[in-house]
Amino acid sequence: MKTKKERKAEFKNLLITGGCGFIGSNFIRYLINNRDFSGRIINIDKLTYAGNPENLTDIAVNFASRYIFKKVDICHAAKLKDIFSRYDVDAVCHFAAESHVDRSIKAPGNFIQTNIVGTFNLLETAKARKDKFKLFHHISTDEVYGSLDARGLFREDTPYRPNSPYSASKAASDYLVRAYHKTFGLPVTISNCSNNYGPYQFPEKLIPLSILNALEGKKLPVYGDGKNIRDWLYVEDHCEAIWTIMKSGTIGETYNIGGNAEMTNISTVRMICDILDDIKPAKDGKSRRRLITFVQDRPGHDRRYAIDFSKLKKELDWSPHESFQSGLRKTILWYLSQKKWVKNIKTGSYRKWIKEQYGSQQCSRNQ
Ligand code: NAD
Ligand code: TYD
């Protein structure tokens, strides 16, 4: 009898969407160096403020025959069709999204377009490939499940109760992916993961924002009472989990991915201060904890996220390697070592470079 671990899909031309963002660029680096994958990667990315091709400069140089990058908006259906046929795409790993909750509160329109309409366009294009198409892996979030109180964990069968425009748009995209499997037989897998951290994360999210602000002696804003809990997942552990599911997961199934690292926000920010004080003490010798500033809470702020990933552990033998302490230290060391990357992000000069390389025109959102 075949066990679930024996599916072992092989992909020749894997389309990765949003590969210039935080998790997508880590995944491309992980996969292209992986002995289990000998195919070609086609990375399409619209290059919004969150997309930085500089994250992959070394990959573009060292793997020129196996890595292709195209600036494409997934809301542009005709362009997707062209890419799928030109590169004979047989699988998709779909990261592209508007991903920041605070931005979704201020301006939800792009979240609806990219996260819902863009996902729909990709599904339609994949469906049209018929038997040539092997897998659509959709990257989603635990935020679709809503908020937990002090007890319990999100399981794959936890009902969806999204609370922000971001999580609502991700929930809608998950449902579309599911529907294309059930209705049209499209081979899909879905993963819902907890908060990621690690190299190349844009400094609008809590961990990189706190690291860079602390280094500059700026305030460290903590929303509300700081007791909201997030379950942190080191990005390389996430990449390994995604690839495990893509290779061996059961078609049509959803898998939760978590890092076994529940932390209140205030503890996370304090840990960042303490690690930095240890590695690179402030010039005045004072603790960076003094920079912590409680600020007005986020509207609809989910209180607690915590993931039960026992399905992934039991069925596909995956568990995270990194503890929060070790992953956070690695992350801080990475930001300290990447002065040029940090400077380009902070000054916005990466946008200038993108404009020179790829032009400033935006793709239309027509079907
Ligand atoms: P990110 O914001 O760092 O990167 C998103 C990428 O998508 C960027 O490169 C951006 O240019 C690209 N993009 C945006 N709109 C696009 C469009 N219309 N067409 C093509 N490309 C477009 O995000 P991330 O943190 O790397 O997240 C990746 C995925 O993982 C998202 O789907 C997100 O919902 C999910 N996720 C992230 C986290 C997390 O903690 N970061 C947690 C759970 C799930
Ligand atoms: P964030 O990194 O934006 O991820 P998400 O909203 O997807 O969980 O925020 C993580 C937690 O940190 C969340 O509870 C909001 C909080 N937070 C702050 O307290 N201060 C900040 O400056 C930011 C960006 C987030």
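The values are calculated or read from the model by the stated rules, or taken from the named source; none is laboratory data. This structure is a prediction, so every number in the text was calculated from the model and none was measured. Positions of Cβ are backbone-derived with ideal geometry, glycine not excepted, and every protein chain shown enters the neighbour counts. When the accessible area is computed, the model is the full protein with side chains, heavy atoms only, and any ligands, DNA or RNA have been set aside. Shrake-Rupley method; radii C 1.70, N 1.55, O 1.52, S 1.80 Å.
Between ASP157, ASP149, ASP131, the distinction of being part of a helix (DSSP H, G or I), open to solvent by 10 Å² or more (accessible area, probe 1.4 Å) and farther than 30 Å from TYR49 by Cα belongs to ASP131 only. Residues that are touching a Pro at 6+ places or on another chain (Cβ under 6 Å) and within 12 Å of ligand 1 (Cβ to nearest atom) do occur in region 93-113, at least one of them. With respect to the stated conditions, MET271 fails to be part of a strand (DSSP E or B), farther than 18 Å from HIS94 by Cβ and among the aliphatic types (A, V, I, L, M). Exactly one residue out of PHE111, PHE136, PHE95, PHE69 is within 16 Å of ligand 2 (Cβ to nearest atom), buried (at least 17 other Cβ atoms within 10 Å of the Cβ) and under 20 Å from PHE37 (Cβ atoms), and it is PHE95. For first residues located in region 85-104 and hydroxyl-bearing (Ser, Thr, Tyr), partners that are within 12 Å of ligand 1 (Cβ to nearest atom) and lie 6+ apart or on another chain with Cβ distances below 6 Å form the pairs SER104/PHE111; SER104/SER164; SER104/TYR166.
Considering ILE59, ILE41, ILE83, the condition of being more than 25 Å from GLY118 (Cα to Cα) and aliphatic (A, V, I, L, M) is satisfied by ILE59 alone. Of the helices (runs of 4 or more DSSP H) lying entirely inside region 280-353, those containing at least 3 residues that are under 27 Å from TRP243 (Cα atoms) and open to solvent by 20 Å² or more (accessible area, probe 1.4 Å) span 310-316, 324-337.
Determine if region 42-58 includes at least one residue that is within 8 Å of ligand 1 (Cβ to nearest atom) and of a type in the set (S, T, N, Q). Yes, because at least one residue in region 42-58 is within 8 Å of ligand 1 (Cβ to nearest atom) and of a type in the set (S, T, N, Q). Contact map, region 290-318: first residue in contact (Cβ under 8 Å) with a residue 24 or more places away in the chain, second residue open to solvent by 60 Å² or more (accessible area, probe 1.4 Å) and away from ligand 2 (no atom under 16 Å from the Cβ), Cβ cut-off under 7 Å, separation 6 or more or different chains; pairs are ALA306/LEU153; ILE307/LEU153; ASP308/LEU153; ASP308/ARG155; GLU315/LYS4; LEU316/LYS5. For the residues GLY118, GLY146, GLY152, the requirement of being more than 16 Å from ligand 2 (Cβ to nearest atom) and either at positive phi or modelled with pLDDT under 95 (or both) singles out GLY152. Quick check on GLY226: is it more than 14 Å from LYS311 (Cβ to Cβ) and in contact (Cβ under 8 Å) with a residue 60 or more places away in the chain? Yes.
I'm checking my understanding of the structure. Among residues of region 187-199 that are away from ligand 2 (no atom under 15 Å from the Cβ) and crowded, with 20+ Cβ neighbours inside 10 Å, which one is farthest from the chain's Cα centre (by Cα)? Only one residue fits best here, namely VAL188.
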